[in-house]
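Values in this text are rule-based calculations from the coordinates and carry no lab data. For clarity, every value in this text was computed on a predicted model and none was experimentally measured. Reconstructed Cβ throughout: ideal geometry from the backbone, glycine too, with neighbour counts over all protein chains shown.
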DNA sequence: AGGCGGCATTGATGCAAATCAAGGCGCCGT
DNA sequence: ACGGCGCCTTGATTTGCATCAATGCCGCCT
């Protein structure tokens, strides 16, 4: 079920400049390197459950996971999409507030929770970077509230595709504000629906509608080609300057 | 328009044990005391606008403000409700990402932005407390996504009243899980609607419906009496244990 | 090849909340 | 006391999305 994963040297790590370690100097990195371990989970694996203990503070090295909560009657809402460099867990708390599930094969760089709390106290660049990342996550969560509370189904889908393309571009070191792009969707229609506060059917219909309107192509169910990024961004409700950054 | 506000000694401050200064020792407090200033704003005042410079890092001492964003066509979503001990601004950024408006008379405890950034670097207890508060805010923002994405109008209103009662209780040093409570609503119907992703009309109708069902009383438009807190919490979609903490 | 299971699409219908449209209530100033 | 103004409530109608219900597509197993 779970692969053994060889440890990468921090210097060669693909998320070296984006994760909690981004601001660390060589000396601090050596400390982290001695405390870290890797683990890989297959698609569908549950990395944590709401209310259950969480023994590690982890960073996503590759893959994709969702952070979600399910109401008693089965309604589910994804509250965060975790991509490479995002972290899981929080210093000072021993349980997860949400269900965390791998939607693509996920490799984590992990620290024992108590050990990491000590690192936060003793390694200043970890603490400051963690604060910056948490503030960024807070902004993202608040931006998402606008999507959930006020956008139409069509705008939600367009916004989702646009933000996914932007994050892909950032990971690839590019910026994505115009031209064409091809994306792989890490999420099923159901997971997209849960992320956007929609049903599967509405999600599927709106994707079909965007295709019929020529704003996207769907070579396969999990692949989306955007011929004109700026046009789709407009559909997502952004003014021409791309004022809304999700 | 803006009142001059006498400075309170930190030792007598009503939010001494909840704000960014909560973990500070006497020595650190003296440093903060020498750098702080107070300012009071009337109802309706705009404390910041999305994209505009924000020269201070502030903490709400008393009153209530909303954090919101408005789309070009006028749709507005409130992404955070700021109550005493909550902070405004973020270290390392010179602009506000949201509109911030006083919905009740607000008194702020303010630090010059650059000065505060220095305090975060040099006062360890400020940095750790800020991280803890930001993680709490992130959890609250994610919890709110469940409300916006998956709850019915009735559940949204019930959840809003329940979370307001809980926050009131925390500020008053109590806990609120059962019995009766009377609340003052700091928000107009329009502001509540913006917070919940509803229209004014639906907000008003659902409040009326909860009243007709005996779950609340409304002695005045801005006053809500909850005869049985646990019953309203149930209506908010919580199981009997109050599993969902907003 | 064939059949099965999971995911995605499409269609028909229902319903909760938005929209459109009056009124009502309380508060302020004169 | 009266009129005007904001805010709130209520009613009638529309509509966007959910729900209910098939059907289609693709990969996998035998």
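Just a few scattered comments:
- From the C-alpha gyration tensor of chain A, square roots of 5λ in Å: 32, 20, 17
- Take every pair of alpha-carbon atoms less than 8 Å apart whose residues are at least six positions apart; their mean separation over the length of chain A yields a relative contact order of 18 percent.
- Between 0 and 90°, nearest 10: helix B:113-122 axis offset from chain B longest Cα axis: 80 degrees
- Alpha-carbon centroids, the range A:117-145 and the range B:175-225: separation in whole Å: 35 Å
- Convex hull volume of the Cα atoms of the range A:3-142, normalised per residue: 103 Å³.
- Shielding of A:66-73 by partner chains, average beta-carbon count, 10 Å: 4
- Per-residue ellipticity at 222 nm, computed for chain A from helices alone with -39500 (n - 2.57) per DSSP H run of at least four residues, works out to -12000 deg cm²/dmol.
- Relative contact order (%) - criterion: Cα under 8 Å, at least six apart; region: the range B:122-224: 25 percent
- Amide N of the range B:155-170 lying under 17 Å from the label point, which is placed 7 angstrom from the Cα of residue B:205 along Cα→Cβ: B:155-158
- Relative contact order (%) - the range B:3-142, alpha-carbon pairs under 8 angstrom, separation at least six: 32 percent
- Label-to-label distance, nm, for residues given as residue A:94 and residue A:125 (7 Å Cα→Cβ offset): 3.2 nm
- For the peptides B:54-64, B:85-95, the ranking by mean Cβ contacts within 10 Å, running from highest to lowest, is B:54-64, B:85-95.
- Crossing angle, helix A:124-150 versus chain A [Cα axis fit, 0-90 degrees, rounded to tens]: 20 degrees
- Note on B:128-136: average number of Cβ atoms from other chains within 10 Å of each residue's Cβ is 5.
- Per-residue average of Cβ from other chains inside 10 Å of A:33-45: 0
- FRET efficiency for residue A:171 and residue A:222, using Cβ-Cβ distance with R0 set to 22 Å, rounded to 0.05: 0.80
- Translational diffusion coefficient of the protein assembly as shown (Stokes-Einstein, Kirkwood radius from Cα pairs, 4 °C, 1.567 mPa s): 54 µm²/s.
- The other copies place their residue A:199 label points at 2.2 nm from this one, listed shortest first, where each point is 7 Å from Cα along Cα→Cβ.
- Helix A:200-212 axis, angle to chain A major axis (alpha carbon atoms, nearest 10°): 60 degrees
- R0 of 35 Å, Cβ-Cβ distance residue B:190-residue B:22: FRET efficiency to nearest 0.05: 0.55
- Shape index of the range A:152-235: Rg/Rh, with Rg the Cα radius of gyration and Rh the Kirkwood radius from the inverse mean 1/r over Cα pairs, equals 0.93.
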